[in-house]
Amino acid sequence: MRRILIAGNWKMNGDRALAKTLVQACAQSQQSNPQVDIAVFPPFPLIPEAVAAAAGSAVAVGAQDLSAQLKGAYTGEVSAPMIHETGASMVLIGHSERRQRHQEGPELLTEKLKQALAEGLSPIFCIGESLQQREQERTEAVISQQLSILSKPEFRSQLADLVIAYEPVWAIGTGMSASPEQAQAVHAHIRGLLTKLGARISGSVRILYGGSVTPESAAGLLACADIDGALVGGASLKADAFAAIAAAAN
Ligand code: PGA
């Protein structure tokens, strides 16, 4: 059985006070919904505050990105061991905002995935098509291409704990969520691709949906067979909304 994971991507928002308040609210909603896993992804400087607020609870804390390098002259970069040392246990890789604005492509993302797995950080690997790609009916091809790095032999033994987030670019921050039918169709395609990597991997890898998830849209999405949780942006910055999404996973 795959446990539902509700993950909050705070992006470049918040301060220490908000981090504490939000994580305390997450800890409460985790207690009320013990069958749901909850994780938050604050900006780097707020991770220690979030880790402190999560202490003693089952709320996981992660980073929104990591360096493809282990150490050295990479100004502004943050390595996997540095993230680990803050107490974070997870990391987002390949969010579409990084793919688009920072030109992150398959080679770089492969290196980031290697760094995360080598350090024991649980990655959420983000994928998704643009509106143009969807209109050209290339969604499945784009998803297959973005996931192709997972078939590298070096990853095979480490993929069972991987989380994938399907986030159509046209749905992120637009208020226009994919419908449950649209999302489930792509999730089923992803599950099919994972089957080629082995039954254990396809059975255990969690596939989250992301893109304008709200308390209103969450229940319909989370009821789909291959949707194992949500990666939530905007609504994760409001304690009540995020708690309602976790409750909708019931
Ligand atoms: P959104 O963001 O919920 O604000 O659309 C989702 C994401 O970017 O992960």
For this session: Pull up all non-local amide H partners of VAL91: gap of 5 or more, or a different chain, and H-to-H distance under 5 Å with H placed in the peptide plane.
Result: ALA63, SER122, ILE124
Seminar exercise, completed: Simple SL model, points at 7 angstrom along Cα→Cβ for ASP161 and ALA73; separation in nm is 3.5 nm
Problem set entry | Spatially near lysine pairs across the chain, Cα under 27 Å, sequence gap of 8 or more or different chains | 14
Seminar exercise, completed: Note to self: C-alpha centroids of the range 137-163 and the range 96-133 sit apart, in Å, by 11 Å
Seminar exercise, completed: Between ALA185 and MET1, the two model label points (7 Å from Cα along the beta-carbon direction) sit apart by a distance in nm of 3.1 nm
For this session: Using the Karplus curve 6.51 cos²θ - 1.76 cosθ + 1.60 with θ = phi - 60°, work out ³J(HN,Hα) for each residue of the range 29-41 in order, rounded to whole Hz, and write x for Gly and Pro.
Result: 6, 5, 5, 6, 10, x, 7, 10, 8, 10, 9, 10, 10
Problem set entry | For the range 8-65, radius of gyration divided by Kirkwood radius, i.e. Rg to Rh on alpha-carbons | 0.94
Exercise. How large is log10 I(q)/I(0) at q = 0.10, 0.14 Å⁻¹ when the Debye formula is applied to the Cα atoms of the range 4-249, each weighted equally and without solvent?
Worked result: -0.43, -0.88
Problem set entry | Amide hydrogen neighbours beyond the local backbone of ILE4, cut-off 5 Å, H modeled | ASP37
Exercise. In terms of modelled amide H atoms, which long-range or inter-chain residues lie less than 5 Å from the amide H of VAL78?
Worked result: SER67
For this session: Using R₀ = 41 Å, calculate the FRET efficiency as 1/(1 + (r/R₀)^6) where r is the Cβ-Cβ separation of ARG200 and ASP15; round to 0.05.
Result: 0.45
Exercise. Each label point is 7 Å from the Cα along the Cα-to-Cβ direction; what then is the distance between the points at SER151 and ALA118, in nm?
Worked result: 2.5 nm
Problem set entry | Cα-centre dipole for the chain with unit charges at Cβ (Lys and Arg positive, Asp and Glu negative), debye to 20 | 320 debye
Exercise. Which ³J(HN,Hα) values in Hz, rounded to whole numbers, follow from the phi angles of the range 209-222 under the Karplus curve 6.51 cos²θ - 1.76 cosθ + 1.60, where θ = phi - 60° and Gly and Pro get x?
Worked result: 9, x, x, 6, 6, 10, x, 6, 8, 4, 4, x, 5, 6
For this session: Tabulate in residue order the Karplus-calculated ³J(HN,Hα) for the range 10-15, using 6.51 cos²θ - 1.76 cosθ + 1.60 with θ = phi - 60°, rounded to whole Hz; enter x for Gly and Pro.
Result: 6, 6, 8, 9, x, 9
Problem set entry | Projected-area mean, the range 146-206, by convex hull of Cα positions, square nanometres | 4.5 nm²
For this session: Could you sort 84-90, 52-58 so that the peptide with the highest average Cβ count within 10 Å comes first and the rest follow in order?
Result: 84-90, 52-58
Problem set entry | Extent along principal axes [Cα atoms of the range 88-232; Å; largest to smallest] | 38, 32, 32
Seminar exercise, completed: Here FRET efficiency (C-beta to C-beta, ALA141 to MET176, R₀ 30 Å, nearest 0.05) is 0.85
Problem set entry | At 0.692 mPa s and 37 °C, Stokes diffusion of the range 168-250 via Kirkwood alpha-carbon radius, µm² per second | 252 µm²/s
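Taken together, the values in this text are just the output of simple stated rules run on the coordinates, not laboratory data. These numbers come from a predicted model, not from an experiment. Virtual Cβ from ideal backbone geometry, glycine too; neighbours counted across all protein chains shown.
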